[in-house]
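Chemist: Dumping the structure here so I can ask a few things about it.
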Amino acid sequence: MSRFDVERERRTLGGIFRRLIGSTGPISLAHYMAENNARYYADRDPFGAAGDFITAPEISQMFGELIGLWLADLWIRAGRTEPVHYVELGPGRGTLARDAQRAMKRYGLEPRMHLVETSMRLRDMQLAAVPGAQFHDDLSRVPMEGPVLLVANEFLDALPVRQLVQTVDGWREIMVAVDGEGKFVETPGRQPMDSALPEARRNAAPGTVVETSPASAAILFEVAGRLASQGGAALFIDYGYTDGRSGSTLQAVRGHEKRSLFDTPGEVDLSAHVDFAQMEQVARSRGARVLGTVTQGEWLTRLGIADRAEALADFAPQHRDALMRARDRLVEPDQMGDLFKVLGLVAPDWPDGAGFAV
């Protein structure tokens, strides 16, 4: 390896990790995931056909429009309180916010638009889509007065997960080490972690992996507290499960294909499935009212996506086939319809939201 190659390797995230592990020992998988995604999202546009993955707002305007209508309907029935704030976590290119804003305006809802985003490149794209939007690094700067209408689409899945594995010596956290060839490998940590699991799950078979996401729980804790004190509603939409399953769901994606977790740190999107049952528990603990978690296909169908697709097709018949394919991709069980879930939360004194069986 030339001197130039050595210096380039030192500057990569992989090089930084190797030096850190060499100095202090293995790092947690959660640490590895957090640093990877911070680097990955800092200076790129990963969305769309030319990127690494496609999200629902990029598939069809119907997705953002129906979310906007859902929020407007709730706000109207809750009494039209002003000021009111639209807040989106991880707003991508701003497509969802733009489509939701257009739909909300048709029903007299013109909230102040707040986008929680740390990437400067994505902020530029979001501002072009939603002129006048206010940007925040986190929720702490979002105003504390007035109802909050919050949306988080494919946000929680990118937050770091902690993985615990049952070994012959008890539960241990999965760490990332470097082997003799300089490759990253998973290894059980030394610290006993039995107390980190509910007692009912401690007697699992050796090799069982349990994922938790303290970062996701912290977000739900803050959002639910905001709803309880300020009023409002929230939608968390992501791929995940509701049955408290075990096993690793962590995956790496680049160029719309699955990749190794460890080959190119900082150059792939790392994500994990969301434990919606746990998120519901956190929200209830803060006083928010949980409408429930339903599949994306079920929720969009109840909100009338089929009728909306037909209306758009009647207006632009030349796009009928594309519209119907987009509808199917969003709702069909073998596409995004079952894998993706929608968690709805509202303030204690707010009405029920459409699409949830409460």
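Chemist: Out of the residues in region 340-358 meeting the condition of being at pLDDT 95 or above and either farther than 16 Å from residue 303 by Cβ or of a type in the set (Val, Ile, Thr) (or both), tell me which one is surrounded by the most Cβ atoms within 10 Å (Cβ to Cβ).
Modeler: 345
Chemist: Given (1) assigned to a loop (DSSP other than H, G, I, E, B); (2) under 22 Å from residue 35 (Cα atoms); (3) not basic (Lys, Arg), identify the lone condition not met by residue 211.
Modeler: (1)
Chemist: List the number of the failed condition for residue 218; all other conditions in (1) in a helix (DSSP H, G or I); (2) aliphatic (A, V, I, L, M); (3) touching a residue at least 24 places away in the same chain (Cβ under 8 Å) hold.
Modeler: Of (1) in a helix (DSSP H, G or I); (2) aliphatic (A, V, I, L, M); (3) touching a residue at least 24 places away in the same chain (Cβ under 8 Å), only one is false for residue 218: (3).
Chemist: Right, another one. Would you please list the contacts, defined by Cβ atoms under 8 Å and residues six or more apart or on different chains, that run from a residue in region 152-175 that is more than 18 Å from residue 54 (Cα to Cα) and assigned by TED's automatic domain parsing to the domain that holds residue 237 to a residue that is in a helix (DSSP H, G or I) and among the charged types (D, E, K, R)?
Modeler: none
Chemist: Looking for something more than 19 Å from residue 137 (Cα to Cα) and either of a type in the set (Asp, Glu) or not assigned by TED's automatic domain parsing to the domain that holds residue 153 (or both) - is there at least one such residue anywhere in region 97-112?
Modeler: Yes, because at least one residue in region 97-112 is more than 19 Å from residue 137 (Cα to Cα) and either of a type in the set (Asp, Glu) or not assigned by TED's automatic domain parsing to the domain that holds residue 153 (or both).
Chemist: Which numbered condition in (1) assigned to a loop (DSSP other than H, G, I, E, B); (2) surrounded by 15 or more Cβ atoms within 10 Å (Cβ to Cβ); (3) on the phi < 0 side of the Ramachandran plot is the only one that residue 151 fails?
Modeler: (1)
Chemist: Continuing with the same structure: Examine region 254-271 for a residue that is touching a Ser or Thr at 6+ places or on another chain (Cβ under 6 Å) and either on the phi < 0 side of the Ramachandran plot or of a type outside the set (Lys, Arg) (or both), and state whether such a residue exists.
Modeler: No, because not a single residue in region 254-271 is touching a Ser or Thr at 6+ places or on another chain (Cβ under 6 Å) and either on the phi < 0 side of the Ramachandran plot or of a type outside the set (Lys, Arg) (or both).
Chemist: Sticking with this one: Do any helices (runs of 4 or more DSSP H) entirely within region 289-335 hold 1 or more residues that are farther than 29 Å from residue 352 by Cα and either free of Cβ contacts under 8 Å to residues at least 12 places away in the same chain or not basic (Lys, Arg) (or both), and if so, which?
Modeler: Those helices (runs of 4 or more DSSP H) span 305-315, 320-331.
Chemist: Consider region 271-288. How many of its residues are surrounded by 24 or more Cβ atoms within 10 Å (Cβ to Cβ) and part of a strand (DSSP E or B)?
Modeler: 2
To keep it simple, each residue is scored yes or no on (1) of a type outside the set (A, V, I, L, M, F, W, C); (2) closer than 23 Å to residue 348 by Cα; (3) surrounded by 22 or more Cβ atoms within 10 Å (Cβ to Cβ).
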{"position": "74", "(1), (2), (3)": "no, yes, yes"}
{"position": "77", "(1), (2), (3)": "yes, yes, no"}
{"position": "83", "(1), (2), (3)": "yes, yes, no"}
{"position": "88", "(1), (2), (3)": "yes, yes, yes"}
{"position": "92", "(1), (2), (3)": "yes, no, yes"}
{"position": "95", "(1), (2), (3)": "yes, no, yes"}
{"position": "100", "(1), (2), (3)": "no, no, yes"}
{"position": "120", "(1), (2), (3)": "no, no, no"}
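Chemist: Within region 305-314, is even one residue under 23 Å from the mean Cα position of the chain (by Cα) and surrounded by 15 or more Cβ atoms within 10 Å (Cβ to Cβ)?
Modeler: The answer is yes, given that some residue of region 305-314 is under 23 Å from the mean Cα position of the chain (by Cα) and surrounded by 15 or more Cβ atoms within 10 Å (Cβ to Cβ).
The values are calculated or read from the model by the stated rules, or taken from the named source; none is laboratory data. Just so we're clear, the structure is a prediction, and the values are computed from it rather than from any experiment. Cβ sites come from the backbone with ideal geometry, for glycine too, and all protein chains shown count toward neighbours.
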